[in-house]
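What follows is a short report on a single structure.
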Amino acid sequence: MSHRYGIFSLFLPTAVFLFAALSSVAAQDTTHVVARGETVYSISRSYRVSPEELMRQNGITDPSKLPVGKTLRIPASGVARSPAETSGGQSGGTGNQAARNQSGTVEYRVERNDTLFGIARTYGISVQTLRDLNGFPPDFSQIKTGQRIKVPGAAASSGETPGGTRTAAEQPPAEEQNPAQAVDASLRWPVTPKEIAYMTGKLYGVALTGERAESVKSLIQGTVISAGPYRGFGRVAIVEVTGGYLYVYGGCESLSVKEGDRIGPGMELGKLGMDAVSGKPQLFFMVYRSNTPIDPAKAPRA
């Protein structure tokens, strides 16, 4: 199961803290089959490698000609680089360019299907840092295709935040997680737990077994900053909460919310799905504060 948890770490957007787990989990011969609508840029962003690395690994000379069904080899580096750091500032098949300015930031043009969360992930910063760079309000999450925003320059590839501090992927959890330790089932959880245990492997959280299609409910008020499918974890909702918290609800069969929704405690986020590994209806629940994982049993509840 730890391999799948490492794969899941690719897709947690301000959650740079999860990406570093990939380097120790993903095998060197990871492959990806190109699906309709995918580009060199979108695939490289998903795997946290630069478009140039992906093209070089697969002998691609024209990123605009990427046939559906082609099997690509994913570079083992697993290190994302900003478009500004690669040749000429090209970001890949989309033709997006980031123009460097004097302040150490670059200008990024928002692509179709981009999210604030996904852009922050690509540049190795938190959503709030991205908001601050652009003077956005604290709860801002909606961006438009073609909009130009500021993102960090060279700091993105160093594995450090623009301030020079280590990302949470390199930092230990606030406290050690013991998978054998009992979890308090009497607390209010997103689903009614038939079984509950701390997760094993790279990720820090709890796995809750419930009823298939049971409502997955938010524990606290916040804003949905990501909502969609993530390989190996069904559909996942990530909720940003006041105080620097991220609540991650993974394993949903369907979602009732979308990015930008304001939700309150007890509101339905989606329906619980079947986990392909355990064969049970399971929710994978994780909480982070300031990019550091915390014990979900100790996370604030409304």
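Here are the numbers for the structure shown:
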read-out	value
Per-residue ³J(HN,Hα) for segment 144-150, Karplus 6.51 cos²θ - 1.76 cosθ + 1.60, θ = phi - 60°, Hz, x for Gly and Pro	10, 4, x, 5, 9, 10, 8
Three-way shape label, segment 195-298, alpha-carbon gyration tensor, a/c 1.5	oblate
Inter-label distance for Q142 and V277, nm, one decimal - labels placed 7 Å from Cα along Cα-to-Cβ	3.7
Nitroxide proxy distance, nm - points 7 Å out along Cα→Cβ at E211 and K258	2.9
Simple spin-label estimate for N58 and R289 in nanometres, 7 Å along Cα-Cβ	4.2
Added length on full extension, which subtracts the Cα-Cα distance from 0.36 nm per residue, K298 to T30	92.9 nm
Ordering of 258-264, 31-37 by burial proxy (mean other Cβ atoms within 10 Å per residue, highest first)	258-264, 31-37
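Bear in mind these aren't lab numbers, they're just calculated from the coordinates by the rules spelled out. Keep in mind it's a predicted model, so treat the numbers as computed, not measured. Every residue, glycine as well, gets a Cβ built from its backbone with ideal geometry; the counts of neighbours run over all protein chains shown.
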